[in-house]
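The values are calculated or read from the model by the stated rules, or taken from the named source; none is laboratory data. Source: prediction; values computed, not measured. Virtual Cβ from ideal backbone geometry, glycine too; neighbours counted across all protein chains shown.
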């Protein structure tokens, strides 16, 4: 039976109603814990996300002006983004290295041959242009 038919029929499975139509929403909107969770979520959003966005816009406006050592400041702001990408690439390389990577070692223990994940040799993850 396809999904649309199940949703329309309200099929029972082992004595339990499989789809309760609007019953789930009614129980959700009458539960006081839901409103507490909704209040907490909105409070966290207003107290954390909004000030972060405003501070980010202020820093971007300051860095966009001509100032002494502007390139150094911009580099200092963008450097954490670059460092995290390089760190992920290094960890990926260590995990999936053809000869000494732990993933290929585990595959070898299971009797599966090593997988070449680099662009230097073997099959490629992304096709070359």
Residue that is in contact with a helix residue (DSSP H, G or I) (Cβ under 8 Å, 6 or more places away or on another chain) and more than 30 Å from residue 114 (Cβ to Cβ), where the choices are 63, 78, 72:
63
Cβ pairs under 9 Å, 6+ apart or interchain, first in region 76-90 and on the phi < 0 side of the Ramachandran plot, second part of a helix (DSSP H, G or I), ordered by first then second residue, are 77/59; 77/60; 77/63
Could you go through region 58-77 and let me know if any residue there is part of a helix (DSSP H, G or I) and within 22 Å of the chain's Cα centre (by Cα).
no
Condition check: modelled with pLDDT of 95 or more, out of contact with any strand residue (DSSP E or B) (no Cβ under 8 Å at 6 or more places or on another chain) and either more than 30 Å from residue 76 (Cβ to Cβ) or part of a helix (DSSP H, G or I) (or both). Does residue 39 satisfy that?
yes
